[in-house]
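The values are calculated or read from the model by the stated rules, or taken from the named source; none is laboratory data. Worth saying up front: this structure is predicted, and the values here are computed from it rather than measured. When we count neighbours, we look across all protein chains shown, and the Cβ atoms used for this are built from the backbone with ideal geometry, even at glycine. Accessible surface areas use protein heavy atoms only, side chains included; no ligands, DNA or RNA. Shrake-Rupley method; radii C 1.70, N 1.55, O 1.52, S 1.80 Å.
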Amino acid sequence: MAACVFGSIALAPLAWAQGRATRRRVPCLPAAKPPHHGCVPGTGRPIRLVAIGESPVAAVGLAHSDEAVAATTARALARLTRRPVAWRAHGLSGATVRDAMERLLPGIAPEPADLLVVAFGVNDATAYRSPAGFADDLVTLVNAARLRVGDAAVVIGRSRRWSPSALPWPLCSILAGARRRYRRPPSG
């Protein structure tokens, strides 16, 4: 562990320079154009789904929002239950959980939902948020969102679109280590 920390500190100037160069080189893709809501047909009472998250919820890099997390989850749920699913997506590219509290949560209409999908992780890891801080922020976000949408069931997913293998060494190793910390179960 000490060797990893020392290695990260020793290579920090190089990783910082690589990070700046990567941000200049990698294009920023736009989110899909609205609407960021829809309904999948079925029979019976609709299931109401609300998703909040980073790029995969915002449909970054996709042509239509019906290709993103909320819509694909709604289609799968409708297929499994044969019920209609009304979905709403609240996503922001580059958002951390704290950003969502400030910028996304106020946009969630105070209407009942049956399912709340929460998808964060990549931006918190690259911002070097501690796993405990990330978990605390998630609990706060879920509790605040449930105050708006009611006693919805909650699914917390992690974003999987980010691949450090496209980054140069040592930056890829440092960021991969940060991401692994989020996968470990909390201790204590």
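How much length is gained on full extension from A144 to R45, taking 0.36 nm per residue of separation minus their Cα-Cα distance?
That works out to 33.1 nm of additional length.
Hey, rough spin-label estimate for V155 and E111, points 7 angstrom out along Cα→Cβ, what's it come to in nanometres?
Output for this residue pair reads 2.0 nm.
Could you state how much accessible area V139 has, in square angstrom rounded to the nearest 10, with a 1.4 Å probe and all protein chains kept in place?
It works out to around 90 Å².
Cβ neighbours within 10 Å, averaged per peptide: list 67-73, 114-120 in order, most packed at the top.
114-120, 67-73
Which residues in segment 53-73 place their backbone N less than 15 Å from a point set 7 Å from the Cα of R79 along the Cα-to-Cβ direction?
Correct set: 67-73.
Highest first, please rank the peptides 53-66, 124-137, 35-48 by the mean number of other Cβ atoms sitting within 10 Å of their residues.
Descending mean neighbour count gives 53-66, 124-137, 35-48.
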